[in-house]
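Written below as structure tokens is the structure these notes are about.
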Amino acid sequence: MSLIPKSHPRAKSLQIRERLVQGFDHGLVAKEGLMAHGRGEAFDYLLGEKTSKSAKNAIKAAALMLLSARSPVISVNGNIAALCPKEIVQLANTVNAKIEVNLFYTNQKRKNNIVKILKKHGVRQVLGTNRNSSRRISGLDSARRVVDKDGIFQADVILIPLEDGDRTLALKKNRKKVITFDLNPLSRTAQTADITIVDNVVRAINGLILECKKSKKKIRKAPFNNKKNLSACVLEIKKNLSRRLPNA
Ligand code: PTJ
């Protein structure tokens, strides 16, 4: 049961934090994942804890990229498994994507827990657990270099929510198209990805599922410039701040 009063002005954000802490208690989230979440919260605060116009733009572009992919894969880490397992499965079903568990702080027990929760939400196969089908991504030292030959290794488009910069760079060098959710518009991942959705994944993922359902009927190419969109996002943060601190 949630301890957050519904009337609290930041109830939603605190409920998300609660979900992550529960995910840690249930063996899904790494200790470092709690810190990563705190970092995200700070940026979410600056964004006004709402989906910005630039995030909506990025969501539209991401939907089109996922729908026109030959073999899309959604990469799942501990934080995502704790925050939105049901939505990850819904999104994978909508765009016909594979799901692969890929952890930075690798740990077999945590991997098993993540697979279990995804399966509970209806996915039949979760890649990333079979050593016999593992391959290595070149140019990467972390545990994230180990991927599945039928998943990330062969994918053309990969959704990597809350990702570390090194893997994003390595995936780009391996000619993958990369979409990410990252609340920090200045992170290396945000700056390196093809499409960065600067929003809380918990808010934005439903928007992405909806947009994929809408766009499914009319896939078309639409120009999207990630760098330009990230600059628009930083301007939105500045506007937010000057609204709150008008004399600064
Ligand atoms: O489960 P593992 O072992 O794979 O580890 C996962 C973490 C998240 C710990 C690992 O990938 C990591 O250390 O990530 P980073 O490098 O800290 O990057 C996380 C990024 O996600 C940061 O830029 C945060 O601002 C951002 N972030 C945190 N929470 C959210 C978020 N972005 C969107 N929605 C969030 N809820």
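The values are calculated or read from the model by the stated rules, or taken from the named source; none is laboratory data. Keep in mind that this is a model prediction, so the values were computed, not measured. Cβ placement follows ideal geometry from the backbone for every residue including glycine, while neighbour counts extend to all protein chains displayed. When the accessible area is computed, the model is the full protein with side chains, heavy atoms only, and any ligands, DNA or RNA have been set aside. Shrake-Rupley method; radii C 1.70, N 1.55, O 1.52, S 1.80 Å.
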### Message
What pairs come out if I take residues in segment 26-42 that are on the phi > 0 side of the Ramachandran plot and aliphatic (A, V, I, L, M) and pair them with residues that are part of a helix (DSSP H, G or I) and more than 7 Å from the ligand (Cβ to nearest atom) whose C-beta lies under 6 Å away, six or more apart or interchain?
### Response
none
### Query
Within segment 135-142, is there a residue that is of a type in the set (Asp, Glu) and buried (at least 22 other Cβ atoms within 10 Å of the Cβ)?
no
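Among the helices (runs of 4 or more DSSP H) lying completely within segment 31-85, list those that include at least 2 residues that are within 13 Å of the ligand (Cβ to nearest atom) and open to solvent by 20 Å² or more (accessible area, probe 1.4 Å).
Numbers: elements: 31-46, 53-67, 78-83.
Here the list reads 31-46.
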### Task
List every residue pair whose Cβ atoms lie under 6 Å apart, where the two residues are 6 or more positions apart in sequence or sit on different chains, the first residue falls within segment 187-200 and is over 11 Å from ASN226 (Cα atoms), and the second residue, located anywhere, is polar (S, T, N, Q) and assigned to a helix (DSSP H, G or I).
THR189/THR168
### Task
Consider VAL76 carefully, then state whether it is modelled with pLDDT of 95 or more, touching a Gly at 6+ places or on another chain (Cβ under 9 Å) and within 16 Å of ILE209 (Cβ to Cβ).
yes
#### Entry: segment 1-30 - residue that is modelled with pLDDT of 95 or more and outside any helix (DSSP H, G or I) and, of those, farthest from VAL101 (Cα to Cα)
HIS26
### Query
Quick check, is VAL146 touching a Leu at 6+ places or on another chain (Cβ under 9 Å) and open to solvent by less than 70 Å² (accessible area, probe 1.4 Å)?
no
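Restricting attention to segment 166-191, and to residues there that are within 12 Å of the ligand (Cβ to nearest atom) and open to solvent by 10 Å² or more (accessible area, probe 1.4 Å), which single residue is farthest from ILE74 (Cα to Cα)?
Among residues in segment 166-191 that are within 12 Å of the ligand (Cβ to nearest atom) and open to solvent by 10 Å² or more (accessible area, probe 1.4 Å), the one farthest from ILE74 (Cα to Cα) is LEU186.
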### Query
Quick one: in segment 149-165, which of the residues that are within 16 Å of the chain's Cα centre (by Cα) and surrounded by fewer than 19 Cβ atoms within 10 Å (Cβ to Cβ) is nearest to ARG131 (Cα to Cα)?
ASP164
